[in-house]
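In what follows, a structure is listed as structure tokens, so that the remarks can point back to it.
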Amino acid sequence: MKKSSIFISLLLTLFVLHSSDSLARRTHLTSEQKSQLEKVQTVLVTVLTLTEKGASDSARLQEIVNQSLVNVGYSVVADRTQPHDVEFKVKCEERKTWAGTTSEGGDAELTDAPSRLWQGPACLFTYLLGGKNLGWYKEIRTSFEDPLAKAKAAGAKDSGTFALEQLTTQVFNYDFPVLITAEWGQPQRLLKLLDAPTTSNLRKLKILSSLSHLGATEALPQLTEIMKQKDLAQEAIVALKGVGEDSIPMLIDLFQNSPQPEIQAAAAQALGDVAGSSGNPSTIPPLLAYLKTALKTMKTSADINFPVLTEVVWSLGKLRDENSLEPMAELNSKVWLIYDKSQAMADLREAANWTYKQLDLDGHVS
């Protein structure tokens, strides 16, 4: 068996998903700050727990946070007089008092972003570098907003104790160490964790999602191994795409040779995303060749591989190459001549219409 075929067999289970905000966050840091964060080893952990009656015992929560960071390889101190590279802060409240960053956009759109509207039990995670808050915030909340009513329904005597117990359980299950490690730009620490035999598949998914935004070319060997695992394939290709231009040959090989439509579709989408952000034109020929071949036999819906063709069309719209204009004009005409009221056809028509307009707006049509 040819080496390329062996390689492709390892990649057959890939798919594309969206992921988190690590890359966007790190673009706001200065070069000096990024350099300092990449070297973080010793972390000062400060934990505060508050009920309506005031501060409460935070020993259990402190232990959980400390051990979670130690498990990822950090050294932890609790005394700020001891040498440390960064301060990691956790504040848990029976009734949230901190308002959040922005009302909408950016981090506000993420599921674990601080909510301005929430006034129930919540824990806020942030960090300080050199005593300065760099604007990274994560928040977890209970499923209930009224701790008094929930505690009463559960037969608990004290609402504050009840709320903090629920939050402590959530902190234990929340993978903040992976998120903060990605924020600090330490892919090697994540890769080591990814290879650990004790790392659960759920955590591997979180790591792969984080790696996709770090542009870590050193992750390629591990990613090719992860791609063998069907239950991790979706996030693996996201991470592969995050590597950038170095992933293009791999993605082209996957797109052209995979016998599975969902894999080809995933690779086509990734090619469009990578080329669209990098401006690398090497992705255009294989995508354009697929479109031209598809047009030759396209007479009915039965002749269309909808998942693949739709992603090819979307990607060509992102690349906006003038050689795509003529075949896209032909496709835009054909998809409306074929009688098909399915959602798949509707999606293809939308993609074809949008892509053709992108090409036309570039001035390729007089």
Inset, instruction - Please enumerate the residues belonging to segment 27-48 that are in contact (Cβ under 8 Å) with a residue 60 or more places away in the chain, surrounded by fewer than 19 Cβ atoms within 10 Å (Cβ to Cβ) and assigned to a helix (DSSP H, G or I). - result: Gln33, Lys34, Gln36, Glu38
Legend entry - Criterion (surrounded by 13 or more Cβ atoms within 10 Å (Cβ to Cβ), at pLDDT 95 or above and not hydrophobic (A, V, I, L, M, F, W, C)) met by exactly one of Asp85, Asp107: Asp85
Inset, instruction - For residues that are assigned to a loop (DSSP other than H, G, I, E, B) and not hydrophobic (A, V, I, L, M, F, W, C), tally how many sit in segment 119-144. - result: 9
Inset, instruction - Quickly run through segment 154-200 and pick out the residues that are over 17 Å from Ser68 (Cβ atoms) and in contact with a Phe, Trp or Tyr (Cβ under 9 Å, 6 or more places away or on another chain). - result: Ala154, Ala156, Ala163, Gln166
Inset, instruction - Give me the pairs, please: first residue somewhere in segment 95-124 and closer than 14 Å to Gly135 by Cβ and assigned by TED's automatic domain parsing to the domain that holds Thr169, second residue anywhere and among the β-branched types (Val, Ile, Thr) and at pLDDT 80 or above, beta-carbon distance under 8 Å, and either six or more positions apart or on two chains. - result: Leu124/Val90
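Residue by residue, here is whether (1) closer than 18 Å to Leu331 by Cβ; (2) assigned to a helix (DSSP H, G or I); (3) not aliphatic (A, V, I, L, M) holds:
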| residue | (1), (2), (3) |
| --- | --- |
| Glu262 | no, yes, yes |
| Ala266 | no, yes, no |
| Asp273 | no, yes, yes |
| Gly276 | no, yes, yes |
| Ser282 | no, yes, yes |
| Pro285 | yes, yes, yes |
| Ala289 | yes, yes, no |
Inset, instruction - For Gly363, indicate whether it is modelled with pLDDT under 90 and either within 26 Å of the chain's Cα centre (by Cα) or crowded, with 18+ Cβ neighbours inside 10 Å (or both). - result: no
Inset, instruction - Determine whether Val312 is hydrophobic (A, V, I, L, M, F, W, C), more than 23 Å from Leu251 (Cα to Cα) and buried (at least 19 other Cβ atoms within 10 Å of the Cβ). - result: no
Inset, instruction - Starting from segment 327-351, keep only residues that are loosely packed, with under 14 Cβ neighbours inside 10 Å, then list their pairs with residues that are of a type in the set (Lys, Arg) whose Cβ atoms are within a distance under 8 Å, requiring at least 6 positions of separation or different chains. - result: Trp336/Arg349
Legend entry - Residue that is nearest to Val86 (Cα to Cα), among those in segment 145-174 that are of a type in the set (Phe, Trp, Tyr) and part of a helix (DSSP H, G or I): Phe172
Inset, instruction - For segment 146-157, state whether one or more residues are closer than 19 Å to Ser75 by Cα and either crowded, with 19+ Cβ neighbours inside 10 Å or not β-branched (Val, Ile, Thr) (or both). - result: no
Legend entry - Considering residues of segment 175-204 that are part of a helix (DSSP H, G or I) and acidic (Asp, Glu) only, the residue nearest to Gly73 (Cα to Cα): Asp195
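The values are calculated or read from the model by the stated rules, or taken from the named source; none is laboratory data. Model, not experiment: these values are computed from the prediction. Neighbour counts are summed over all protein chains in view; Cβ atoms, including those assigned to glycine, are modelled from backbone coordinates with ideal geometry.
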